[in-house]
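Here the structure is laid out as structure tokens; the discussion comes afterwards.
The values are calculated or read from the model by the stated rules, or taken from the named source; none is laboratory data. The model shown is predicted, which means the values in this text are computed figures rather than measured ones. We place every Cβ from the backbone using ideal geometry, glycine too, and count neighbours over all the protein chains shown. Ligands, DNA and RNA are excluded from the accessible area calculation, which covers all protein heavy atoms including side chains. Shrake-Rupley method; radii C 1.70, N 1.55, O 1.52, S 1.80 Å.
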Amino acid sequence: MLHWMTAKGPSKYDPAQERRAQEKADGRLSGVESGTLVATSMGWRPVEAITAGDMVLTFDAGMQMVTNVTRERLWTKDEPCPKAFWPLEIPAGALGNREALRLLANQSIMVESDAAEDMFGDPFSLLPANAFEGICGIERVPPQSDFEVVVLQFASEQIVFAKDGTLLFCPSSRDILDCVFETASDPLYTVLPFDQARTLAGSMQDEIQNTCRNAASREYEFAMA
């Protein structure tokens, strides 16, 4: 899936680099906010309630077993959280989400768009959330001190379903070994480099505005019914 990006200079998820950055800064750059509902074999469950051995529905591989789960605070120091670690607030409808949500800056998400199909010949793209910053009301917001981040890992990289409609990238357990031994592995998914992701996000602006307007219109109609 998404191997068409290889010829266009993809950015492989680099767990070793991200872990080093997080260890230096005492914060999380990617993961899923606690409270997010994820599709599992037992229905929608809060991501923090999922444990190793549970089965989670994935985009390309059906039900897959979770091999590792980590839970950490977004920011672990007593001093204020730097803006670089603030999550992004995503208005309802902006990225296919049915309600407003928050995404960590480096959390990769899969989006479907006409712009991606025009640019790459495939409507699906994997982008870091921070590529959308400043577009159609998507902005960073200061986190609460108890903001918890959950990372689900599988035997291989997977995309999982959140109930709000977003498709979230999850790393593989193999990435833990990559962090230790700096080994290279052939990724199942590739993430667009930030410059290409930013270009695509800008090209999606009209689509995002239309979906946000449609979401607002549906909310208004529901309220008036």
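Assess whether Pro91 counts as being touching a Cys at 6+ places or on another chain (Cβ under 7 Å) and in contact (Cβ under 8 Å) with a residue 40 or more places away in the chain.
Judged against the criteria, Pro91 is a match.
Pull out all pairs, ordered by first then second residue, where Cβ-Cβ is under 8 Å, the residues are six or more apart or on different chains, the first lies in the stretch 73-88 and is at positive phi, and the second is open to solvent by 80 Å² or more (accessible area, probe 1.4 Å) and part of a loop (DSSP other than H, G, I, E, B).
From residues that are at positive phi, there are no pairs.
Every residue in the stretch 32-47 that is assigned to a strand (DSSP E or B) and open to solvent by less than 40 Å² (accessible area, probe 1.4 Å), please.
Scanning the stretch 32-47 gives Val32, Glu33, Val38, Ala39, Thr40, Gly43.
Just for the stretch 200-217: of the residues that are open to solvent by 50 Å² or more (accessible area, probe 1.4 Å) and in contact with a helix residue (DSSP H, G or I) (Cβ under 8 Å, 6 or more places away or on another chain), which one is modelled with the lowest pLDDT?
Once the filter is applied, the top-ranked residue is Glu207.
Could you tell me whether any residue of the stretch 58-70 is open to solvent by less than 30 Å² (accessible area, probe 1.4 Å) and in a loop (DSSP other than H, G, I, E, B)?
no
At pLDDT below 95, outside any helix (DSSP H, G or I) and within 23 Å of Leu101 (Cα to Cα): does that describe Asp164?
Spelling it out, Asp164 is indeed at pLDDT below 95, outside any helix (DSSP H, G or I) and within 23 Å of Leu101 (Cα to Cα).
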